[in-house]
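Presented below is the structure to which this report refers.
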Amino acid sequence: MSTITSLKADITNIIIDNFLNDLNKIHTMDKYLNSKIPTDLEIQHVNSELNNGIQAVDIVAGAIHKRYRDKDHRYYDIFKNRIEISNHVNQFF
């Protein structure tokens, strides 16, 4: 796997849903992200029940996942014109 080289250099903070409840898994994920994103990162794992931003991102990610996994476009079509990465992902499907 290659690194993500097209990310802006000013991205330094990533907030992730705290779905991993094992510290070893959290450290493994953090190490993996740091190895793939070419900048110094501050990674925070937060409870999505207490963070509206994470909840919103989870809804969009779920819509994208359902579109590609199940070919169900209902929710994806609501967001598709606002999903910038969609243009890059579509080339593989």
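The values are calculated or read from the model by the stated rules, or taken from the named source; none is laboratory data. Quick caveat, the model's predicted, so the values are computed rather than measured. Protein only, heavy atoms only, side chains kept; ligands, DNA and RNA dropped before computing areas. Shrake-Rupley method; radii C 1.70, N 1.55, O 1.52, S 1.80 Å.
Data overview
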read-out: Computed lengthening from Val46 to Asn24, 0.36 nm per intervening residue step minus Cα-Cα distance; value: 6.3 nm
read-out: Extension gain (nm, one decimal) between Lys36 and Ile59, 0.36 nm per residue minus Cα-Cα; value: 5.8 nm
read-out: Solvent-accessible surface (1.4 angstrom probe) belonging to Lys66, in square angstrom, nearest 10; value: 60
read-out: In order through the range 26-31: 3J(HN,Hα) via Karplus (6.51 cos²θ - 1.76 cosθ + 1.60), integer Hz, x for Gly, Pro; value: 4, 5, 5, 5, 4, 4
read-out: Other-chain or far-sequence residues with amide H under 5 Å of Ile14's (modelled H); value: Glu42, Ile43, Gln44
